[in-house]
Amino acid sequence: GGGKVLQVVTASFAGQVGTTSTSWADTGIAASITPASTSNKVLVMVNFTVHNSQADYGNFQTIFRGDSSGTNLGPDATGLGRVSGRAGLYHMCSMHILDSPSTTSSQAYETGFKNTTTSLASYTMINNITAKITLMEIDGT
């Protein structure tokens, strides 16, 4: 019946990624899953750290189906959330979204981030703090 978890894919990553861009950049936090039915959904859950070089600015975070040139699963151009705050702090972030890819082909998911200004350098997995992505295929019947 609907709502059952059919498969789980989990991956961990460590390796600092930085950007000064105001365009979406890939983080390397990614995983793939192959749905068994076009009616099934994919629950994407990600945990990671973000570090900003300046307190006055922030960055946006999102999840893409594919990579940063793919489908932004956020509701608009700002993605799923914004991180800002004191410079030098490590912000622990979580993003979750239920996707309906409507296919039985392998689907890749990757997080992306971009800055509010080019005056900012921002980093994910700073100092190699581990990030984790989990994909769950959910029965859509």
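A Cβ-based charge dipole, computed about the Cα centre of the chain with Lys and Arg at +1 and Asp and Glu at -1, lands at about 200 debye. In straight-distance terms, cross-link reach from Lys132 covers every one of the lysines whose alpha-carbon lies under 19 Å from its own, apart from those fewer than eight places away in the same chain; here that gives an empty set.
Taking every alpha-carbon pair under 8 Å whose residues sit at least 6 apart, the chain reaches a relative contact order of 49 percent. Taking only the C-alpha atoms of the range 19-141, Rg followed by Dmax gives 14.9, 48 Å. In straight-distance terms, cross-link reach from Lys41 covers every one of the lysines whose alpha-carbon lies under 16 Å from its own, apart from those fewer than eight places away in the same chain; here that gives Lys4.
First measure r as the distance between the Cβ atoms of Thr117 and Asp76, then evaluate 1/(1 + (r/R0)^6) with R0 = 22 Å and state the FRET efficiency to the nearest 0.05.
0.75
Taking amide H atoms as placed 1.01 Å from N in the peptide plane, the amide H of Gly74 lies under 5 Å from those of Ile63, each 5 or more residues away in sequence or on another chain. Here the accessible area of the chain is 48 percent carbon and sulfur, with a 1.4 angstrom probe and all protein chains present. The listed peptides 98-107, 114-123, ordered by packing as a protection proxy, come out as 114-123, 98-107 (highest mean of other Cβ atoms within 10 Å first).
The values are calculated or read from the model by the stated rules, or taken from the named source; none is laboratory data. As the structure is a computational prediction, the values presented were derived from the model and not from experiment. All Cβ positions, even for glycine, are placed from backbone atoms using ideal geometry, and neighbour counts span all protein chains on display. Accessible surface is based on the protein model in full, side chains and every heavy atom, while ligands, DNA and RNA are left aside. Shrake-Rupley method; radii C 1.70, N 1.55, O 1.52, S 1.80 Å.
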